Amino acid sequence: MNLFDYVADRWSRLSLQAWLHVSEVVQATIVAAVIGVLIGVAVYRSPIGSALATALASTILTIPSFALIGLLIPIVGLGVAPSVIPLVVYALLPIVRNTIVGLSGVDPAVTDAAKGIGMNRFGVLTRVELRLAWPAILAGMRVATQMLMGIAVIAAYAKGPGLGSEVFSGLTRAGSANATNQALTGTIGVVILALILDGIYVIIARFTVPRGVRV
């Protein structure tokens, strides 16, 4: 059986796994974005705080994903939890770093002008600084999403949702009928989904980022 026949015969199962894969990554990215932006807002005015936040996120990223998932299994069990938690953790670095860079790069003259027209500190942050930092934040989310698409494959080790189960099953059954097709289907599916999500980010940027401030 060739690859196309394999996909056609199992389309309903593969499409569900693809949807779960994308859903898992998108949800983890959104949660990481909320946490990462809050961390960035809290530390961007402090050089020491910014350095510590970036260093901590970088240190976490050095932990092998397979090892982190394995350590979480005895604590939270199998399934969604040990899959999503590492994804959120790994997505923090690019989002935290880009939030700090974006907020730090806002021209002081712009914030001074906002204060001059009566905006309070919260208003300046939400209506001026975060808006100007949005291109950098979006770029961090884009990088995080692409990174998580690959890491989510490893989540199949913890019985997590997504196309990783196809890859793992194919590799485990190497040499048997359709094993190569199964592994290739999962791998190619992840690549295609990553490209689709990247295109969606381009569209989001086109509609939410002014032409003159795109990064």
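The values are calculated or read from the model by the stated rules, or taken from the named source; none is laboratory data. Since the structure is predicted, the reported quantities are computational estimates derived from the model, not experimental observations. Here the Cβ is made from the backbone with ideal geometry for all residues, glycine too, and neighbour counts use every protein chain on show. These accessible areas exclude ligands, DNA and RNA; they are computed on the full protein's heavy atoms, side chains included. Shrake-Rupley method; radii C 1.70, N 1.55, O 1.52, S 1.80 Å.
Some points to look at:
- Test: residue in the range 112-134 that is among the β-branched types (Val, Ile, Thr), free of Cβ contacts under 8 Å to residues at least 12 places away in the same chain, open to solvent by 20 Å² or more (accessible area, probe 1.4 Å) and out of contact with any Leu (no Cβ under 6 Å at 6 or more places or on another chain): yes
- When Gly140 is tested against (1) in contact with a Lys or Arg (Cβ under 9 Å, 6 or more places away or on another chain); (2) open to solvent by 20 Å² or more (accessible area, probe 1.4 Å), just one condition goes unmet, and that condition is (2).
- Within the range 24-47, residues that are touching a residue at least 60 places away in the same chain (Cβ under 8 Å) reach partners that are open to solvent by 50 Å² or more (accessible area, probe 1.4 Å) and not hydroxyl-bearing (Ser, Thr, Tyr) with beta carbons closer than 8 Å, at six or more positions or on different chains, in the pairs Glu24/Val80.
- Thr59 more than 28 Å from Val191 (Cα to Cα) and polar (S, T, N, Q): no
- Scanning the range 24-61 for residues that are open to solvent by 30 Å² or more (accessible area, probe 1.4 Å), more than 27 Å from Thr111 (Cβ to Cβ) and within 16 Å of the chain's Cα centre (by Cα) yields Val26, Gln27, Ile30, Val31, Ser58, Ile60, Leu61.
- Some residue of the range 137-146 being in contact with a Leu (Cβ under 8 Å, 6 or more places away or on another chain), among the polar types (S, T, N, Q), within 25 Å of His21 (Cβ to Cβ) and assigned to a helix (DSSP H, G or I): yes
- Looking across Pro86, Pro74, one residue alone is within 25 Å of Val191 (Cβ to Cβ), part of a helix (DSSP H, G or I) and either open to solvent by 80 Å² or more (accessible area, probe 1.4 Å) or modelled with pLDDT of 85 or more (or both). It is Pro86.
- Filter result (modelled with pLDDT of 80 or more and surrounded by fewer than 17 Cβ atoms within 10 Å (Cβ to Cβ)) within the range 158-183: Lys159, Ser169, Leu171, Ala179, Thr180
- In the range 102-111 there is at least one residue that is buried (at least 17 other Cβ atoms within 10 Å of the Cβ), over 23 Å from the mean Cα position of the chain (by Cα) and assigned to a helix (DSSP H, G or I).
- Just one of (1) out of contact with any Ser or Thr (no Cβ under 8 Å at 6 or more places or on another chain); (2) farther than 24 Å from Ala133 by Cα; (3) surrounded by 14 or more Cβ atoms within 10 Å (Cβ to Cβ) fails for Gln17. It is (1).
- Flag not set for Ala205, criterion: open to solvent by less than 20 Å² (accessible area, probe 1.4 Å) and assigned to a helix (DSSP H, G or I).
- Residue list for the range 1-11, restricted to those being assigned to a helix (DSSP H, G or I) and open to solvent by 90 Å² or more (accessible area, probe 1.4 Å): Phe4, Asp9, Trp11
- Yes/no for Val190 being assigned to a helix (DSSP H, G or I), closer than 22 Å to Leu93 by Cβ, open to solvent by less than 40 Å² (accessible area, probe 1.4 Å) and in contact (Cβ under 8 Å) with a residue 40 or more places away in the chain: yes
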